[in-house]
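The values are calculated or read from the model by the stated rules, or taken from the named source; none is laboratory data. What you see is a predicted model; the values in this text were computed from it and never measured. Counting neighbours? That spans all protein chains shown, and the Cβs are built from the backbone with ideal geometry, glycine included.
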Amino acid sequence: MLIEHRGKRPTIHASAYVSPAAVVSGDVTVGAGSRILHGAVLSAEDGPVRIGENVVVMENALVRGRLAHPATVGDSVLIGPHAHVNGSTVESGCFVATGASLFPGSTLGEGAEVRINAVVQVNTRLGAGVVVPIAWVAVGDPAQLFSPDLHDEIWAVQRELGFAATVYGAGPDASMADIMRSQSQFYAAHRDDIVLGG
């Protein structure tokens, strides 16, 4: 389904394929030969989503762009089922496996791999060819890699990266009620969406 959001419409290359069960919303560009499969969501909230050539976005994956953190995916990238690519730059030749999560401000260098259920935290830079193992966490610039059981070590790096400010535009003392009030207002823009067709 193609949707006009905030006055912007998707642009899909003639050789690309978007499943009728996918959602492509707003300022989204899908390049030549790319495939957006069933249940995938490409959502340009108030910033663009750019999908390069010969990219496959698999079932139920999310690619989201925000004003301060557009989502940019280079050429020849696989984004696996249930992956979450939110405001991230993914350079060409990357592999983002099933259930992987890339948070706003993160960057994957060319040919990097983020394996099953791995996480690349906010404002984290992964070098070219770096592999984040299954369920591990990459955090920092340059990225440090941690197994998921090392919460204290991960947090020691992550707390300096400004998660709430980066993801929600919120200060360090904002309550969940404040954050959700703001998020509710922000996403209310979808009330004015126009469905363009499948």
Quick check on residue 23: is it within 18 Å of residue 122 (Cβ to Cβ) and either hydrophobic (A, V, I, L, M, F, W, C) or surrounded by fewer than 20 Cβ atoms within 10 Å (Cβ to Cβ) (or both)? no
Exactly one of 35, 64 is touching a strand residue (DSSP E or B) at 6+ places or on another chain (Cβ under 6 Å) and either surrounded by fewer than 21 Cβ atoms within 10 Å (Cβ to Cβ) or touching a residue at least 60 places away in the same chain (Cβ under 8 Å) (or both), and that one is 35
Residues satisfying the stated conditions in segment 147-193, i.e. within 21 Å of residue 68 (Cβ to Cβ) and among the hydroxyl-bearing types (Ser, Thr, Tyr): 166, 168, 182, 184, 187
For segment 89-119, how many residues are more than 13 Å from the chain's Cα centre (by Cα) and on the phi > 0 side of the Ramachandran plot? 3
Which condition from (1) part of a loop (DSSP other than H, G, I, E, B); (2) at pLDDT 95 or above; (3) under 20 Å from residue 48 (Cβ atoms) is the one that residue 111 breaks? (3)
Cβ-Cβ below 7 Å, separation at least six or inter-chain, first residue in segment 109-129 and touching a residue at least 12 places away in the same chain (Cβ under 8 Å), second of a type in the set (Val, Ile, Thr) and assigned to a loop (DSSP other than H, G, I, E, B): which pairs? 109/130; 112/130; 115/134; 116/98; 116/134; 117/134; 118/134
Of the residues in segment 130-158 that are among the small types (Gly, Ala, Ser) and over 17 Å from residue 88 (Cβ atoms), the one that is nearest to the chain's Cα centre (by Cα) is 135
Criterion first (in a loop (DSSP other than H, G, I, E, B), among the aliphatic types (A, V, I, L, M) and on the phi < 0 side of the Ramachandran plot) does residue 122 satisfy it? yes
